[in-house]
Amino acid sequence: MIKVLVTGGAGFIGSNLCEALLERGNVVTCLDNFSTGHIENLLPLIERFPDKFKLIVGDICELEDCRKAVEGMEYVLHEAALGSVPRSIKDPITTNKVNIGGFVNMLVASRDAGVKRFIFAASSSTYGDSQSLPKVEDVIGKPLSPYAITKYVNELYADVFARTYGMEYIGLRYFNVFGRRQDPFGAYAAVIPLFVKQLMKHESPVINGDGEYSRDFTYIDNVIQMNELALFTTNPKAINQIYNTAFGERTTLNQLVGYLKEFLGEFDEAIRKVEILHGPNRVGDIPHSLASIDKAKSLLGYMPRYDMRQGLQEAVKWYWNNL
């Protein structure tokens, strides 16, 4: 049993991490201000684990909230951030304030509280304009959006805190995570829940560009596995490292829509016939994304259990039953 703080624990990834850790007998505190997360994601946990789950309503941009949340914690899973490349292009100031200012607040609070290990959500956007495939952790390009800059700065800050203060960190570069509880309704909804919602309504999804941009879509349970490996690893070589968190296959947006129509069509035949539309490419988008997961396999023992199609089938079932 360990004591873990999950920042952004009311969000898509954070709530799944809280649930998995609680089900394995750990004590979990969640810090969230509900700017993008939802209390509905936590209500079942509050009911099921009254003695092991604690919710603190607070903001990572407030240092005192961070200090309160880390008190007595052994580990931190820092998931809180303002995601979305388009949002960062529209409002770089707020993205910077939350993703960098809030991150440094959490580092300082964790350092002062004697937290054993700080694990944080990094991003594949850090690879920027690098043309190399697959993406290897040590080879990055120039960031293509304010969001990408903030996530790279997080990695630099974590490394400096490790060198300067002796903190342990592990950064997980998430590649297009999807799965249960990913919100389809927000202004900056990710592509999979957005397309699922539209197809279920028999509305035509709009693909940015010709649909041949590709992504290493990563099912939530693979992300949970990586976070748990980062929490519990005793391999000294695995500490103070950045890891790709992905499956290691790429899927084009055209293929993605084909899979969604196939799986949703099992529930509603008419979905198979919904027309797909195309719009302009989105500013700041990386054309292709494919992760090498060799480093995670070698140092953490990572073996992802769900490929894209398997994960998508599970996600579609969840959306069909919950939307």
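Computed values, structure above
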quantity: Cα-based equivalent ellipsoid, region 131-192: semi-axes from gyration tensor eigenvalues, Å; calculated: 26, 17, 12
quantity: Correct option for Rg/Rh (Cα atoms, Kirkwood Rh) [calculated from the coordinates] among (1) 0.95; (2) 0.97; (3) 1.02; calculated: (1)
quantity: Per-peptide average of other Cβ atoms within 10 Å, ordering 228-234, 101-107 highest first; calculated: 101-107, 228-234
quantity: Sequence-distant residues sharing a close amide H with R173 (under 5 Å, placed H); calculated: A122, Y243, N244, T245
quantity: Separation of alpha-carbon centers, region 282-303 and region 65-89, rounded to whole Å; calculated: 22 Å
quantity: Residues R163, R111, sorted so that the one with the fewest Cβ neighbours within 10 Å comes first; calculated: R163, R111
quantity: Relative contact order, percent, the chain [alpha-carbon distance under 8 Å, six or more residues apart]; calculated: 17 percent
quantity: Extension gain (nm, one decimal) between K68 and N281, 0.36 nm per residue minus Cα-Cα; calculated: 72.4 nm
quantity: Kirkwood estimate for region 65-178, i.e. one over the average of 1/r between Cα atoms, Å; calculated: 14.6 Å
quantity: Positive-end extreme of charge dipole, the chain - chosen from W320, Y147, I2 (charges on Cβ); calculated: I2
quantity: Separation between Cα centres of region 188-221 and region 1-57, rounded to whole Å; calculated: 27 Å
quantity: Within straight-line cross-link reach of K201, aspartates and glutamates at Cα separation under 13 Å, skipping those fewer than 8 residues along the same chain; calculated: D268, E269, E275
quantity: DSSP beta bridge pairing in region 171-264, given as percent antiparallel to the nearest 5; calculated: 25 percent
quantity: I2-E23 pseudo-label distance in nm [points 7 Å out on the Cα-to-Cβ vector]; calculated: 1.8 nm
quantity: At 1.002 mPa s and 20 °C, Stokes diffusion of region 155-291 via Kirkwood alpha-carbon radius, µm² per second; calculated: 125 µm²/s
quantity: Above-threshold pairs, the threshold being 24 Å between Cα atoms, out of K52/K97; K261/K297; K135/K297; K135/K197; K68/K297; calculated: K52/K97; K261/K297; K135/K197; K68/K297
quantity: Net dipole in debye of region 95-147 [+1 Lys, Arg Cβ; -1 Asp, Glu Cβ; about Cα centre; nearest 20]; calculated: 180 debye
quantity: Crossing angle, helix 146-165 versus the chain [Cα axis fit, 0-90 degrees, rounded to tens]; calculated: 20 degrees
quantity: Contour minus Cα-Cα distance for K142 and W320 (0.36 nm per residue); calculated: 60.2 nm
quantity: Debye, to nearest 20: dipole size of region 195-285, +1 on Lys, Arg Cβ, -1 on Asp, Glu Cβ; calculated: 200 debye
quantity: Simple Cβ-charge dipole of the chain, Lys/Arg +1 and Asp/Glu -1, about Cα centre, in debye nearest 20; calculated: 300 debye
quantity: Proxy reagent accessibility, fewest Cβ within 10 Å first, across I100, I192; calculated: I100, I192
quantity: DSSP-defined beta bridges in region 166-323 - what % are antiparallel, rounded to 5; calculated: 15 percent
quantity: Global form of region 1-124, assessed from the alpha-carbon gyration tensor, a/c cut-off 1.5; calculated: oblate
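We did not get these values from a lab; they are worked out from the coordinates using the rules stated. Everything numeric in this text was worked out from a predicted model, so none of it was measured. Neighbour counts are summed over all protein chains in view; Cβ atoms, including those assigned to glycine, are modelled from backbone coordinates with ideal geometry.
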